[in-house]
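Working notes for the structure below.
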């Protein structure tokens with residue numbers, strides 16, 4: 001049970017009983033190969049949107065979210081342990097999912113947590129590491145995601161039916177290589193690709209797909225390490241957050257505003273072990 005009281009004589013005592021559980025089965029086909037299946041139930045407790053000037057009582061508190069997860073996976077180390085693979089399929093069924101919402105109070109935006117009707121997350125995750133030679137390693141990851149959310153915001157300002165959730169790109173992928181010489185020199189280069197995604201559950205504005213490249217070059221001993229690194233090598237211009245509201249006088253035209261990711265960064269890092 002939670003307890004909330006404020007100076008407006010509002011009092012809330014949300015009470016809930018929540019049960020979490022996890023069942024996992026693993027089959028070892030050999031010391032190098034195994035498969036597993038996991039079924040679990042989790043929860044995210046409800047609560048009260050504290051400290052907000054919300055006049056509508058329906059926006060003050062929010063309910064508990066529950067989720068049932070299912071995951072099936074396979075792992076293997078083959079070719080004399082030079083090739084490591086892992087693949088997993090998963091599904092999440094969310095009841096009364098919690099999302100961030102907002103409304104207007106006077107001329108101000110008020111943000112709060114609210115519940116939608118339902119949401120599902122399904123997808124695939126895979127990663128691969130291949131030790132091509134004692135010095136060279138190739139690695140890659142892949143994430144495929146299909147999401148769904150249904151419901152109407154508590155403020156009634158926006159309704160969603162069978163749409164992807166916010167910040168849930170349909171794919172994310174990374175490929176790269178790592179080199180390490182026995183004398184201590186090392187280098188790493190990787191590229192990442194991210195699909196477009198919805199910015200929020202309060203509007204239908206989306207990002208654009210983008211690709212990033214990162215690199216690291218250095219020298220390492222048991223006592224110290226020095227590395228020259230670069231992030232976003234191509235200086236990609238990409239959005240990480242997006243907003244959609246009336247901001248320009250006369251406050252009658254709704255426009256999109258985005259927050260950009262970090263531009264190209266180049267740095268030098270040195271560290272020492274004592």
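The values are calculated or read from the model by the stated rules, or taken from the named source; none is laboratory data. Given the structure is predicted, the values throughout are model-derived calculations rather than measurements. Quick reminder, even Gly has a Cβ in these numbers, built from the backbone with ideal geometry, and neighbours come from all protein chains shown.
For the range 16-46, which positions are in a strand (DSSP E or B) and more than 30 Å from residue 85 (Cβ to Cβ)?
Within the range 16-46, 43, 44 qualify.
Filter the range 262-274 down to the residues that are more than 19 Å from residue 187 (Cβ to Cβ) and free of Cβ contacts under 8 Å to residues at least 40 places away in the same chain and list them by number.
Across the range 262-274, the qualifying residues are 262, 263, 274.
Condition first: in a loop (DSSP other than H, G, I, E, B), closer than 25 Å to residue 198 by Cα and either touching a strand residue (DSSP E or B) at 6+ places or on another chain (Cβ under 8 Å) or without any contact (Cβ under 8 Å) to a residue 12 or more places away in the chain (or both). Now tell me which residues in the range 218-261 satisfy that.
232, 234, 236, 237, 238, 247, 248, 251, 252, 253, 261
Go through (1) over 17 Å from residue 239 (Cα atoms); (2) exposed (fewer than 14 other Cβ atoms within 10 Å of the Cβ); (3) in contact with a strand residue (DSSP E or B) (Cβ under 8 Å, 6 or more places away or on another chain) and name the single condition residue 188 misses.
(2)
With the structure loaded, tell me whether residue 58 is at positive phi, out of contact with any strand residue (DSSP E or B) (no Cβ under 7 Å at 6 or more places or on another chain), at pLDDT below 80 and surrounded by fewer than 14 Cβ atoms within 10 Å (Cβ to Cβ) or whether it fails that test.
Judged against the criteria, residue 58 is not a match.
Out of 152, 147, 133, I need the residue that is free of Cβ contacts under 8 Å to residues at least 40 places away in the same chain, closer than 16 Å to residue 200 by Cα and surrounded by fewer than 16 Cβ atoms within 10 Å (Cβ to Cβ). Which one?
152
Restricting attention to the range 64-96, which residues are buried (at least 17 other Cβ atoms within 10 Å of the Cβ), closer than 30 Å to residue 50 by Cβ and either more than 17 Å from the chain's Cα centre (by Cα) or in contact (Cβ under 8 Å) with a residue 60 or more places away in the chain (or both)?
Passing the criteria: 64, 65, 66, 96.
Determine whether residue 118 is surrounded by fewer than 16 Cβ atoms within 10 Å (Cβ to Cβ) and under 30 Å from residue 62 (Cβ atoms).
When the stated conditions are applied, residue 118 passes them.
What single numbered condition from (1) surrounded by fewer than 16 Cβ atoms within 10 Å (Cβ to Cβ); (2) closer than 21 Å to residue 207 by Cβ fails to hold for residue 159?
All conditions are met except number (2).
Counting only residues that are outside any strand (DSSP E or B) and closer than 30 Å to residue 117 by Cα, how many does the range 60-84 have?
Qualifying residue count, the range 60-84: 3.
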